[in-house]
1. Specify the residue that is surrounded by the fewest Cβ atoms within 10 Å (Cβ to Cβ); the eligible residues are those in segment 171-180 that are out of contact with any Asp or Glu (no Cβ under 6 Å at 6 or more places or on another chain) and not basic (Lys, Arg).
2. Restricting the first residue to segment 11-37 and requiring it to be over 26 Å from Thr155 (Cα atoms), which pairs with a second residue that is exposed (fewer than 12 other Cβ atoms within 10 Å of the Cβ) and at pLDDT 95 or above meet a Cβ separation below 8 Å and a spacing of at least six or different chains?
3. Out of (1) surrounded by 21 or more Cβ atoms within 10 Å (Cβ to Cβ); (2) under 15 Å from the mean Cα position of the chain (by Cα), the odd one out for Thr94 is which?
4. Can you pull out the residues in segment 203-213 that are in contact with a helix residue (DSSP H, G or I) (Cβ under 8 Å, 6 or more places away or on another chain) and either in a helix (DSSP H, G or I) or within 15 Å of Thr116 (Cα to Cα) (or both)?
5. Could you please let me know if Ala113 is assigned to a helix (DSSP H, G or I) and at pLDDT below 95?
6. In segment 135-143, is there at least one residue being part of a loop (DSSP other than H, G, I, E, B) and either in contact with a His (Cβ under 8 Å, 6 or more places away or on another chain) or basic (Lys, Arg) (or both)?
7. Looking at the structure I just gave you, is Ala206 more than 18 Å from Arg123 (Cβ to Cβ) and in contact with a Pro (Cβ under 6 Å, 6 or more places away or on another chain)?
8. Being more than 28 Å from Arg112 (Cβ to Cβ), buried (at least 21 other Cβ atoms within 10 Å of the Cβ) and among the aliphatic types (A, V, I, L, M) narrows it down to one of Ala168, Ala152, Ala145, so name that one.
Amino acid sequence: MNPMIQNALILTLMLGFAGMEWVTRRYKDTVHATSNDTKLELYMFISLVAIAQPVAILVTNKLGLWLMPEYKGALADLPWWAMVGILLVADDMTQYWWHRISHSPLLWPLHRAHHTASYMSIRITYRNNFFYYMLMPGLWLAGFALYFGFGAVYTFYLLVKIAVILGAHCAWRWDEPLYRIPALRPVMWVVQRTISTPATHWAHHAITNADGIGHYKGNYGNLLFFWDVLFGSAHITQQYPAEVGLAGDKVHGHEKWTHQMFFPVLQSDRPHSALRLGGGEYAVEETGPDNGALSSSRA
């Protein structure tokens, strides 16, 4: 597919979800972003599309031409369903595990920014640390898939994945009315166990687990929620948490966008912070507000 057409379709998806956030008034009523939030989200999105993805594609192509030039395009004749299966494992399953291990002391600072938003919206979809994406295995494996000839199929796969993850973060909860239709219950039962939905992904962003809805130590799936079902990290709900974000940020205030985006190169000014080497905040965050800790959650 022509890159211009691909980018136009991606932009159409974004504008479509943004439009629904606006039409349903969910954006106006629930998204209360600061300039700090806006800078982090904007610069991270730009860095992903202008640096991380192009670098991964360029480097994997150069490595392929250097180490295995005879295999360039070698898998181009695979049936589309085989390519999709490979991409679901090489890209989406590895992203599930990357996301999951990013909720651990070592890698949490690279993912923490994604959970510091006190709102859900498509604007937070790519809100992360710069190095979170640069080190993401699936991004590099996708580059090799393109080298081996997955081009057209990868484009359609990417469009579907973007649609699902935008929908999972969207302030407009597209799945909410569907749960109330009795005839759709069997369908939604399958949908919730197959792809990420607002209900299951909002639970992952919840500020607490105390209400039985939040599940910030699971629901890691991006395109497929099935990985959570398969690997035992699923919490399936048809409700939505009252609050999302990090409890500690409500107490101490948000970290600067530069520290969130560029840790460990730039580090927090807080004496005890996950964004400061040796800050030790993770151990406190992991207990969460359920245990009375006055700190950020989600570890």
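The values are calculated or read from the model by the stated rules, or taken from the named source; none is laboratory data. Quantities reported herein were computed from a predicted structural model and do not represent experimental measurements. Cβ sites come from the backbone with ideal geometry, for glycine too, and all protein chains shown count toward neighbours.
1. Kept after step one, since they are out of contact with any Asp or Glu (no Cβ under 6 Å at 6 or more places or on another chain), are these residues of segment 171-180: 173-180.
Pick out the ones that are also not basic (Lys, Arg) and you get 174-179.
On the way: Trp174: 14, Asp175: 18, Glu176: 14, Pro177: 9, Leu178: 15, Tyr179: 17.
Out of the qualifying residues, it is Pro177.
2. Once the first residue is over 26 Å from Thr155 (Cα atoms) and sits in segment 11-37, its partners that are exposed (fewer than 12 other Cβ atoms within 10 Å of the Cβ) and at pLDDT 95 or above give Trp22/Lys28.
3. Here Thr94 clears every test but (1).
4. Of all residues in segment 203-213, those in contact with a helix residue (DSSP H, G or I) (Cβ under 8 Å, 6 or more places away or on another chain) come to 205, 207-210, 213.
Hits for segment 203-213 are His205, Ile207, Thr208.
5. Spelling it out, it is not the case that Ala113 is assigned to a helix (DSSP H, G or I) and at pLDDT below 95.
6. no
7. In short, yes.
8. On the way: Ala168 fails: more than 28 Å from Arg112 (Cβ to Cβ); Ala152 fails: buried (at least 21 other Cβ atoms within 10 Å of the Cβ).
Residue meeting the stated conditions: Ala145.
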